[in-house]
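What follows is a set of notes on a single structure, which appears directly below.
Each reported figure results from applying straightforward, stated rules to the coordinates on display, with no laboratory input. Remember, predicted model here, so these are calculated numbers, not experimental data. So basically every Cβ, Gly included, is an ideal-geometry build from the backbone, and we count neighbours across all protein chains shown.
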Amino acid sequence: MVKYIVFIIPCIAFAQSQLTIGLIETTNGEKIENADVYFKVNSLGTTSNDSGLFALNFNNVAKSDTLVVSHMGYKEYKCKVGDFLKNEKKHIQLIEHTFELDEIILSNAKPSEILTEAIENYENNHFTENTTYIGSIKEVLEENDTLTKLACSAIYLKIPKRKSKKVSITPTKNQSKKEHKSKLHNIYLFNPEEVIQDLKIKNWLIHLLNQIEKCDDIYIQEKKYGSYTVYEIVLEKKLSQTKKKKVSLIIEKESKGVMSIKYAADRGVAPEDWSTLFEDENKKIEQKPTFSSEDLILRPYQGRWVLREINMVIEFNCIIESGNQKQSLKNYNSFKILIDGIHEGKTDKKIKPFDLTRNFFNQIESNPFTNKHLLNSRELQFITE
């Protein structure tokens, strides 16, 4: 499976301004991917790519603010923004945390009690006010490791405090997509309703607490994430002799704030999981899901935790029958929301939100790609073909 990361280059995002590029690496010079980069006061943030690079707009960030870089297993890096901008190279080295074995393995902590405390303290630990985030979405589809669809859009993600109000995802004018001819008809595409379900972190916790006794294996460790001591809880359920589903949670030890939830599951265990995707007198296409995953990651902001990104992946095996010929094909679909920060001003009411009942891809306009900071090298090549 191809793993997608953000390929960052100096370009235009929401504001027409130059991004500042930085590099994150270990003391041995190894590049660190997926490090969390944010500010102590300002809500802006980003992550590093597989080359250790990150890009941020410092224009509206006070020089007295603090730049923070953190990653699981490394000591937290902090630097005043004014001092960081003075550094010509803007290289950041993270120092690895070291533990004795008995400091990591927990023998008496109970995951059910930790989850219960996380639920009870949820409102104190997480940003639950009416919030409008600024960010971007990206959807990528592949057939046998060949890109066939790519769509990106800058967005406003509005999450209301009241349950009676609906979440909305509104595109900006900065949206674009491209597609090549596909062998698959009515291909699977993500829709907003699936993504919105992932935003309900408290529901995740309640569900996992109710399911914990049904798990086959439970692991718990204590680790360091920057300056935080965290619990890593892993819940596994066997689906067959070779297939399973797994949920990994990172919960801050002191406050019981949720830092991440990662779900991965093998699919297609039963023969009836095969379904007909398309059929006419000349062709028949069947598909079976083989794997799916969902990652929900948060970052600290003013003493609480706010949304950083959502990643969703689903994979299918497909069989195309035409006459006496039969062809096997693998389909890969990924969807990502990256949050840049919290939007303090008003949004353009002339732009309508996405229809929550329809997939994202068909609602995004086919404009030239200006949001290239979202693309990796393969995707950059795809849009130029």
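Overview of values
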{"quantity": "Convex hull volume per residue for the chain, taking Cα atoms only, in Å³", "calculated": "171 Å³"}
{"quantity": "Selected from Ile351, Ile212, Ile155 as most flexible by GNM, with the chain as the system and alpha-carbon contacts under 10 Å", "calculated": "Ile351"}
{"quantity": "Most mobile of Glu281, Glu309, Glu139 in a GNM of the chain (Cα contacts under 10 Å)", "calculated": "Glu281"}
{"quantity": "Max mean-square fluctuation residue, GNM over the chain, Cα-Cα springs under 10 Å, options Lys178, Lys223, Lys284", "calculated": "Lys284"}
{"quantity": "Which of Val258, Met312, Asn367, positive extreme of dipole for the chain (C-beta unit charges)", "calculated": "Asn367"}
{"quantity": "Relative contact order for the range 268-333, counting Cα pairs under 8 Å that sit 6 or more residues apart, in percent", "calculated": "27 percent"}
{"quantity": "Percent RCO, i.e. relative contact order, over the chain, from Cα pairs under 8 Å lying at least 6 residues apart", "calculated": "20 percent"}
{"quantity": "Entries of Lys166/Lys346; Lys262/Lys330; Lys138/Lys224; Lys245/Lys330 with Cα pairs more than 27 Å apart", "calculated": "Lys138/Lys224"}
{"quantity": "The range 170-238 and the range 315-385: distance between their alpha carbon centers, rounded to Å", "calculated": "18 Å"}
